[in-house]
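Please treat every number below as a calculation from the coordinates, not as lab data. The structure presented is a predicted model; accordingly, all values stated were derived computationally and were not measured. Here the Cβ positions follow ideal geometry from the backbone for every residue, glycine too, while neighbour counts run over all protein chains shown.
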Amino acid sequence: MTLMHSSRRAPLRSLAAAAVLVLAAWPALSGCAATVDDFKDDGKLHVTAAFYPLEYLATRIGGRYVDVSDLTRPGTEPHDLELAPRRIAALTHSDVIVYLRGMQPAVDDAVAQSGVRRTVDAAALVPLEDHGTEVDGRDRTTGDNGSGGRPETAGADPHIWLDPVRYAAVAAGVGRALEAADPAHAAYYAAGTARLTARLHALDAEFAAGLRGRTTDTFLTTHAAFGYLAERYGLVEEAINGIDAESEPSAARMRALQDLARREHVTTVFFETLVSDRTARTFAGDLHLRTDVLDPIEGITAASRGTDYFEVQHANLRALQKALGVRT
Ligand SMILES: [Zn+2]
């Protein structure tokens, strides 16, 4: 910068150049009340995604023709996301918003307020299920919640992206929305969608094959995010509530989990990437179980076992194989 400024010896010419720039930018700005730093007319489709798995789809499918911004910063908890007024205001300048109704109440409200016409609700593409209640006909003897709190799974489970097949259906919906919003590049978006859904169906086949020969179907997790994945591959997710600093599971609940672990040959308690290690270890120690990470892929950080959805899903598959006794 310093060099450029010192070499500029024709201030009048610079002024003229600046005037040309302003004139060139004027038609783009006149159509929108945005401030200059909110609105860049880069010719790209501006897509706002609510959190990582949706941002990943928009980025992969949209490629060079889209500019994707993520409402949830990596490493922040997406479910309880709060949006700053500035962020909500900026949302109105999106060409397309991709979100998942019921996952983030603050985003649902902001999308409704934004007035943006082109929105993709992932929950409208894949019906949500309630994994807090009996869904597979099994007797859930540990289903009583001794801690008295509401199980995290109560109500519609939003974690559809952890099942590659459902995630592929969301990808197809995102692809259709980009095609409709930017018909000039429809063929490009269609090709991107086809590539991505093919990879997701290949991942589905890897999970199905990779989980064959397991010695148990049951796994314990602290974040009840894997209900759709479990359902897809015939597994049973037992979610443990109240594993945090504020609340501890009751003695009765601990006994029930111990019984379940013995009966179902459970080896491992799965924790999220960012959870307190000490609490996790103490809890698993009490149950005489190992700990490992099963990542709900709600954001990619330096601590993630991979740099994108596919890498982390492969790490999840390896962790499940180990926990369920698959010889690899
Ligand atoms: Zn979650």
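Some points to look at:
- On the beta carbon distance between Lys322 and Ala191, with R0 = 30 Å, the FRET formula returns roughly 0.25.
- Amide H contacts of Thr291 (H built 1.01 Å from N, in plane; Pro and chain starts excluded): Val269 sit under 5 Å, all sequence-distant by 5 or more or on other chains.
- Length gained when the stretch Glu311-Ala209 is fully extended (0.36 nm per residue, less Cα-Cα span): 35.0 nm
- Each Cα pair under 8 Å and six or more residues apart adds its separation to the average, and for the range 211-323 the resulting relative contact order is 25 percent.
- Extension gain, Gln113 back to Ala303 (0.36 nm per residue minus Cα-Cα distance, nm): 64.9 nm
- Three-way shape call for the range 211-323 based on the alpha-carbon gyration tensor, with the a/c threshold at 1.5: oblate
- Net length available on complete extension from Glu129 to Thr282 is 51.9 nm, with 0.36 nm assigned per residue and the Cα-Cα distance removed.
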